[in-house]
Amino acid sequence: MKKTLSFISLFLIAAIAITACSPSVTKDPDDSGARQGTRSYKLDPEAQTVVVSVYGVKMGTPDSDKFVFLMRTLKKAGELSELREFNTGIESGLTLCGVFSPSANRADIYQLLRTIETDSKETHLEARSASNCDL
């Protein structure tokens, strides 16, 4: 019970911090809207690994910081036994790969991933399950 409360507390702290650090988005009047960001989730509750890739459409994205913060928080909380970060060089992009610990609550982690807001015009996001972190 104590571990569950601690995990929930960490989730709440992470969610509040991610929301508080989110930049306000304003529309560029010269932006034709031709390029759009995307969000894709392919998450298997039985998979041992989660891969999160985030990168910007044009000039980078601050949204990658939110996912780095979340995944590092999950690692510190013991929900991930391993965390690997790969810089992709695509408009401030990166890929994060986390291996779930045996006691990880995957459903809660997947739900938290889905609730993080990203800039719909500037950010491509893909969260998917994998068998390992060999990308």
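Derivation of every value follows stated rules applied to the coordinates shown; laboratory data play no part. None of these values were measured; they are calculated from a predicted model. Methodologically, a virtual Cβ is constructed for each residue, glycine included, from the backbone with ideal geometry; neighbour enumeration extends over all protein chains shown.
Descriptive notes on the structure:
- Pairwise FRET efficiency - Lys76 versus Glu126, Cβ, R0 = 30 Å, nearest 0.05: 0.80
- Summed residue charge, Cβ within 11 Å of Gln48's Cβ, Lys/Arg positive, Asp/Glu negative: -2
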